[in-house]
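The structure appears below as structure tokens.
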Amino acid sequence: MATLKFLSFLILQLFLIANNCESVEVGFYKKTCPNVEAIVKETTKHYISIAPTLAAPLLRMHFHDCFVRGCDGSVLLNSTKGNKAEKDAIPNQSLRGFQVIDAAKSALEKECPGIVSCSDILALAARDAVSLINGPTWAVPLGRRDGRVSILSEASKNLPTPFDNFTTLKTTFGALGLNVKDLVVLSGGHTIGMSHCFSFSSRLYNFTGKGDMDPNMDQNYINHLKIKCKPADVTTIVEMDPGSFKSFDTDYYSMVGKRRGLFASDAALLTNTQTKHYVLSQLNQHGSTFFKDFGESMVKMGQIGVLTGKAGEIRKHCAFIN
């Protein structure tokens, strides 16, 4: 299955490469829309100042966009009568922050109509959301164009899940050109945000189908989580990084190192020598390379399968193709 998944992605990548001769670059809009970054940042800042918890969904939205068909804004498209879009796939039903992208697009259409893509706006908003909650910033290469296709089943198949083991995660990330370091670094995005209980409840109540708990999770933490999350709970949400879920920092790695990562995919980082070493090396705040590494991996992720040149389109409204 993993091999088939990789081959499908490889064929898609070869098609994209054949149809895209240009690449994204920092300063792409310096002549056509010089205020693009300021407008997106101001819009994002407005919403984050009202609701700081929007930062995590905006970051996750960019991540989910890039992992399906590349970073082409396909996650922003609404379903139509004849097609169920990525937005309606189960992993994407908890996404929030679409109003931030729409507001930035509206402002940009007034400033420089028909110039800036929705996929570029999403990449910038994700960066700005992270920096606005004490996280790192990075230069975002721009020039993406928007895709015209969005298919629910592709999101269901291609997105990493909180239940994945290390082998599955490595295959999923590797198929997109991301290495093991990118995997452990981007997992650090779990330092912000919330999760529904059902994303990890099997670790508390029925890990192997025998009514058992996950031995790879700290017992005291399991007992703490059981107070909040009852069996079959599908509504309760909990902090992914308790105590600092609104602040972008290295606390996630501290939690994982203590076997208190919320998801099986978090715990998986301790099952590989390279990722375990990275987790433990970030525990000293002063010696941490996480912020620098995160920016680099985000730039790399943001270039997956991009449409450039004459491919795709510049949408007028981010939820609809032209």
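For segment 311-319, the criterion of a residue being among the hydrophobic types (A, V, I, L, M, F, W, C) and either closer than 30 Å to LYS226 by Cβ or open to solvent by 80 Å² or more (accessible area, probe 1.4 Å) (or both) is satisfied by no position. Considering (1) under 16 Å from the mean Cα position of the chain (by Cα); (2) surrounded by fewer than 20 Cβ atoms within 10 Å (Cβ to Cβ); (3) not hydroxyl-bearing (Ser, Thr, Tyr), the lone condition that ARG148 does not fulfil carries the number (1).
The residues in segment 9-57 that are outside any helix (DSSP H, G or I), among the polar types (S, T, N, Q) and at pLDDT below 70 can be counted, and the count is 1.
Residue-by-condition table, conditions (1) out of contact with any Ser or Thr (no Cβ under 8 Å at 6 or more places or on another chain); (2) over 21 Å from GLY302 (Cβ atoms); (3) aliphatic (A, V, I, L, M); (4) open to solvent by 10 Å² or more (accessible area, probe 1.4 Å):
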residue	(1), (2), (3), (4)
ASN158	no, no, no, yes
GLY174	yes, no, no, yes
HIS190	yes, no, no, yes
MET194	no, yes, yes, yes
PHE198	yes, yes, no, yes
ARG203	yes, yes, no, no
ASN206	yes, yes, no, yes
GLY209	yes, yes, no, yes
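When segment 77-95 is limited to residues that are open to solvent by 10 Å² or more (accessible area, probe 1.4 Å) and among the polar types (S, T, N, Q), the one that is nearest to PRO242 (Cα to Cα) turns out to be SER94.
Is it the case that segment 123-137 has a residue that's open to solvent by less than 10 Å² (accessible area, probe 1.4 Å), part of a loop (DSSP other than H, G, I, E, B) and touching a Leu at 6+ places or on another chain (Cβ under 7 Å)? No - not one qualifying residue is present in segment 123-137.
Criterion first (within 30 Å of ASP72 (Cβ to Cβ) and buried (at least 17 other Cβ atoms within 10 Å of the Cβ)) does SER297 satisfy it? Yes. Taking LEU186 as meeting all but one of (1) part of a helix (DSSP H, G or I); (2) under 15 Å from VAL238 (Cβ atoms), write down the number of the exception. Going through (1) part of a helix (DSSP H, G or I); (2) under 15 Å from VAL238 (Cβ atoms) one by one, LEU186 breaks only (2). Restricting segment 55-76 to residues that are open to solvent by 10 Å² or more (accessible area, probe 1.4 Å) and hydrophobic (A, V, I, L, M, F, W, C), the residue that is nearest to GLY312 (Cα to Cα) is PHE63.
If we keep just the residues of segment 243-273 that are touching a residue at least 40 places away in the same chain (Cβ under 8 Å) and loosely packed, with under 15 Cβ neighbours inside 10 Å, which is farthest from LEU183 (Cα to Cα)? The qualifying residue farthest from LEU183 (Cα to Cα) is LYS258. Scanning segment 96-113 for residues being open to solvent by less than 60 Å² (accessible area, probe 1.4 Å) and not in a helix (DSSP H, G or I) gives a total of 2. Just for segment 243-260: of the residues that are assigned to a loop (DSSP other than H, G, I, E, B) and at pLDDT 90 or above, which one is nearest to the chain's Cα centre (by Cα)? Checked segment 243-260; the qualifying residue nearest to the chain's Cα centre (by Cα) is PHE248.
Within segment 214-233, residues that are at negative phi and open to solvent by 80 Å² or more (accessible area, probe 1.4 Å) sit with their Cβ atoms under 8 Å from residues that are assigned to a loop (DSSP other than H, G, I, E, B) and of a type in the set (Lys, Arg), at 6+ positions apart or across chains, in these pairs: ASN216/ARG259. If the condition is being more than 27 Å from TYR205 (Cα to Cα), aromatic (Phe, Trp, Tyr) and under 18 Å from the mean Cα position of the chain (by Cα), then segment 261-295 contributes PHE290, PHE291, PHE294.
The values are calculated or read from the model by the stated rules, or taken from the named source; none is laboratory data. The model shown is predicted, which means the values in this text are computed figures rather than measured ones. Cβ atoms come from the backbone with ideal geometry, glycine included; neighbour counts cover every protein chain shown. Only protein heavy atoms, including side chains, enter the accessible area calculation; ligands, DNA and RNA are left aside. Shrake-Rupley method; radii C 1.70, N 1.55, O 1.52, S 1.80 Å.
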